[in-house]
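All of the numbers you see were taken from the coordinates with simple rules; none came from a lab. Computed from a predicted model, the values in this text were never measured in an experiment. Because the Cβ atoms are built from the backbone with ideal geometry, glycine has one as well, and the counts that use them run over all protein chains shown.
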Amino acid sequence: MDSLLNEARPPVFCPGCSHERITHTLDKAFRQMGLTGERICMVSDIGCSGLFDTFFHTHALHGLHGRALTYAAGLKLARPELTVVVTMGDGGQGIGGAHLLAACRRNLNLTLLVLNNFNFGMTGGQYSATTPPGAAVGSGFLNQLERPLDVCEVAKAAGAPYGVRCSAYRNDLPDVIQRAIEFKGFAVVDIWGICPGRFSKRNRLTPKAIEESVGRLAPAEGLIAANQRREFGEHYRELAAAQRAVPPPLAVTPRFAPVSAVRQEVLLLGSAGQRILTAGELLCLAGLYAGLKATQKNDYDITVLRGPSISELVLSPEAIGYTGMSQPTVVVALGPEGVARRRKIFETLTAASVVIQAAGVEIPAGAARIHRVDFKAQGFKPQDWALASLGVLAKLNVVIRPEMLEAALAARLKGEVLSGALDTVRRVAPGDWAAA
Amino acid sequence: MALTLMEGNEAIARGAVAAGCRFFAGYPITPATTILNHMLAMLPPLGGVCIQGEDEIASIGLCLGASMAGMKVLTATSGPGISLYSEQISFAVGSEIPIVIVDIQRLGPSTGSATRGADGDVNFLRWGNSGGMPVIVLAPADVADCYTLTVHAFNLAEQYRCPVFVASNKEIAMTRETVELEHLNAPPIIERTPAAIRPHLPFQTAAGEQVPGFLPIGGQTLVRQTSSTHGPDGYITTEPSEIARMLDRMKQKVEGAVERFSFVEHVPAEGADTLILAYGVTARAAGAAARMLVRQGRPVSLLVLKTLWPVPEAAIRRAVGDVKRVVVVEMNLGQYVHEIERVLPGRVVSFCGRMDGKLIAPETILEAVTHG
């Protein structure tokens, strides 16, 4: 096989840099594998390792510091047949640590070569995530305070199925890289090398010293038995193919006359867990069955089953502009948390407004007509009060009518849930107007 | 007539799929999460890919990789996520990578209020890239717009090879409303133009064109992509004239084309001396206020901007005509109003704003027009 090196752009590293050696080694691995340039994409980021993409006649994507694995994952998911090789320095590994962990956990078929030379070469030899505390680097005393990170140990802990720690001067490095590329899954090769421009100016480091340092650590030579599992892309496509297509959205053909020819506003005030939002959606659907436009704007806390739950609903024969409440036709007070959050609205209500007040829920004074319903005495659980209150509105012919509501229930619910809901809205006794 | 109840986020997801988007990556964040949910339900059965990234930076990075492989890509987040996207947005701008980015704005600053709306990011979206290059920002006012403008956003991203933002708001994104799906006005789908010149240089433009033709990474022709300052060949350049040509072209391709995608709705009123200018969810209250004023015998015109950036200056000047006063209404403490002041020197421009998690009510706008 021909070399994939770009003759027009030979390596431009400082004399003696191990990156240059790795450039030729990678080319040798590609040649051994018989790969042609259009079958490979080199993905790199910032720093000296970020020059790699320019030296090869392959596809290339050079991006932001530490983010190479993010682009590589997108490329590989879009083009599974492409061989994607990522080069990253110890700097990129540090700034993009979250992406290394995610790549290990995900196990997409990518090869990551960490060109680890223990410092930030390009910016002046500052300390990186792999700088030994005893080294003299361009960050003053700061590297003495932090423990260097072992890329292979981290990768193993994060679930990488393949990891190699080795010297850039290892004789069989082309074979090491070839095996990593051929591994079907995420493979990390942590290659220790010498930065003559910065690091080895102030620290004695030789190929022999690197070999000895690597030799003192627990070996990382490829397959990590405990982390073997399916490759992400293939697994993804298998699970994705088994997913069922989403049905088209519910489309309602109006078949009833609306109750009112003007804008109606309904405010449902309850507590989390009272199915306020579902009731709001059902009220809107009921409106749609009468040819009305509807909006539903909800307000709730991020907690589940705690705090207020509020739904602001507008039904109108005309296009709805403002989706907020200006003068509610109806306020339904079902829970103290919702009432507390909208206290101020009660004093703005006039006698034109109706308040459906669940027995046991206190409401502030106001001019609205109050309609009291004892849902509890009628045997309804609090999570059904909102639905039951729609039944009350329908029976009173306020905003909706029974046939609109039942059509909405039939469209939204099925089976026993539907029959239970129909029973609730039919069975509820509408209660009484409070004395003025 | 068939009526559907739908929230804005679902309409964005459906618009994206209709536009040919088959790759989504995002990270959960209120109020944008339901876009991720809908894309996860829709894309895999279509053979597409939907991924939850390890963070926002990864999510947009995944999208950029997939876009360079030739796919139409979408990501969605809120203000805190746009902050994290920023360096990748700069990459997409400077390296001409098509992508649609949805910002479901919520009340800021910072993590602010997850479930409260605002339009506080409109200047951030424009200026949040290093280098200050122009971007395209579209702003829906309702659920139907969410669908239509998302299709437009994909068309623009493909056509101009750039990031295109859809600047929505919690108040549209998570509010359900009635839409008539068969009446949604989506434009014909536009695909990115394949590069025709050989040998292929990834950033070379054909004569008379300002957007380079595209070839995907992974195809038969080798493609280079880089975030560094580059010449037409995609290799680093330090030649000032080459750099200037490249950056002028990127600026011009977007700013010079804005007349072709100046989406505005102008509702003129006979004899009006004032025009209300609004965008996003606020445009709906502005419309209600304008109608109330007309009914009261005080005619007021309305201009709703759906293209925010580049500023559709010509469309704004045409709509404003000889109106004496422009009232700019925004769900923030005053951002776009400064663009209007710039575009309309010598005209009375007043501001009506609010940023406390509440919608601006029609009555507030009416008051600003009458007594402001």
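Observations
- For q = 0.04, 0.05, 0.07 Å⁻¹, Debye-computed log10 I/I(0) when each Cα of the protein assembly as shown counts as one equal scatterer: -0.21, -0.33, -0.61
- Here the range B:88-179 has an Rg and Dmax of 13.5, 41 Å, counting Cα atoms alone.
- C-alpha center-to-center spacing [the range B:167-184, the range A:352-396] in angstrom: 30
- Rounded to the nearest 20, the Cβ-based charge dipole of the protein assembly as shown about its Cα centre (Lys and Arg +1, Asp and Glu -1) stands at 660 debye.
- Relative contact order (%) - criterion: Cα under 8 Å, at least six apart; region: the range B:265-371: 32
- By the beta-carbon count within 10 Å of each Cβ, the least crowded to most crowded order of B:Glu56, A:Glu7, B:Glu96, B:Glu171, fewest first, is A:Glu7, B:Glu96, B:Glu56, B:Glu171.
- In units of the rule-of-thumb radius 2.2 N^0.38 Å, the range A:392-436 shows an alpha carbon radius of gyration of 1.29.
- Diffusion coefficient, µm² s⁻¹, Stokes-Einstein with Kirkwood Rh over alpha-carbon pairs of the range B:256-356 at 20 °C and 1.002 mPa s: 158
- Alpha carbon centroid spacing (whole Å) that separates the range A:183-204 from the range B:253-330: 60
- Furthest towards positive pole of dipole, A:Val137, A:Pro249, A:Pro219, structure part chain A, Cβ charges: A:Pro249
- The mean sequence distance of close C-alpha pairs (under 8 Å, at least 6 residues apart), as a share of the length of chain A, puts its relative contact order at 10 percent.
- Mean projected area of the convex hull spanned by the Cα atoms of the range A:18-241, taken over all viewing directions: 11.5 nm².
- Taking the range B:135-209 and dividing mean pair separation by its residue count, relative contact order in percent (alpha carbons under 8 Å, at least six apart): 36
- Label sites at B:Ser241 and A:Asp432, each approximated as a point 7 angstrom past Cα along Cα to Cβ, lie 9.5 nm apart.
- Assigned charges on the beta-carbon of Lys, Arg, Asp, Glu; the range B:265-371 dipole about Cα centre (debye): 120
- Between B:Gln204 and A:Gln32, the FRET efficiency estimated from the beta carbon spacing at R0 = 35 angstrom works out to 0.50.
- Farthest towards the positive end of the charge dipole of chain B, among the residues B:Val323, B:Val164, B:Leu359, is the Cα of B:Val323, using unit charges on the Cβ of Lys, Arg, Asp and Glu.
- Taken about its Cα centre, chain A carries a charge dipole of roughly 480 debye when the Cβ of each Lys and Arg holds +1 and the Cβ of each Asp and Glu holds -1.
- Cβ-derived FRET efficiency at R0 35 Å, B:Asp55 paired with B:Ile189, nearest 0.05: 0.65
- Shielding by partners, peptide A:51-61 (average Cβ within 10 angstrom, other chains): 5
- Antiparallel %, DSSP beta bridges [both residues in chain A], to 5: 35
- Here the label points at A:Gln327 and A:Leu418, each 7 Å from Cα along the C-beta direction, are separated by 4.0 nm in the simple model.
- The range A:36-122 shape via C-alpha gyration tensor axes, a/c threshold 1.5: oblate
- Residue-span extension gain [A:Lys376 to A:Val262] - 0.36 nm each, minus C-alpha spacing: 37.7 nm
- Using the Cβ-Cβ distance between B:Arg260 and A:Leu142 with R0 = 41 Å, the FRET efficiency computed as 1/(1 + (r/R0)^6) comes to roughly 0.15.
- Global geometry of the range A:135-213, whether rounded, prolate or oblate, following the gyration tensor of its Cα atoms and the 1.5 cut on a/c: oblate
- Counts of other chain beta carbons within 10 angstrom of each beta carbon in peptide B:348-357 average 0.
- Pairs from A:Lys76/B:Lys72; A:Lys293/A:Lys395; A:Lys156/A:Lys184 whose Cα-Cα separation, in the structure shown, is over 19 Å: A:Lys293/A:Lys395
- Helix A:232-241 and the long axis of chain A differ in direction by around 30°, with both axes built from C-alpha atoms.
- Shape analysis of the range A:264-433 places it in the rounded category; the axes a ≥ b ≥ c from the Cα gyration tensor give an a/c below 1.5.
- 12 Å cut-off, amide nitrogen to a point 7 angstrom out along B:Lys324 Cα→Cβ, residues in the range B:332-372: B:348
- Enclosed volume per residue, in Å³, of the convex hull spanned by Cα atoms of chain B: 142
- For the range B:326-361, backbone nitrogen atoms closer than 20 Å to the point 7 Å from B:His371 Cα along Cα-to-C-beta are found at B:326-330, B:350-355, B:360-361.
- Per-residue [θ]222 nm for the protein assembly as shown (sum of -39500 (n - 2.57) over DSSP H runs n ≥ 4, rounded to 500): -10000 deg cm²/dmol
- Cα-based equivalent ellipsoid, chain A: semi-axes from gyration tensor eigenvalues, Å: 69, 24, 19
- Kirkwood radius for the range A:81-184, taken over all pairs of different Cα atoms as the inverse mean of 1/r, rounds to 14.7 Å.
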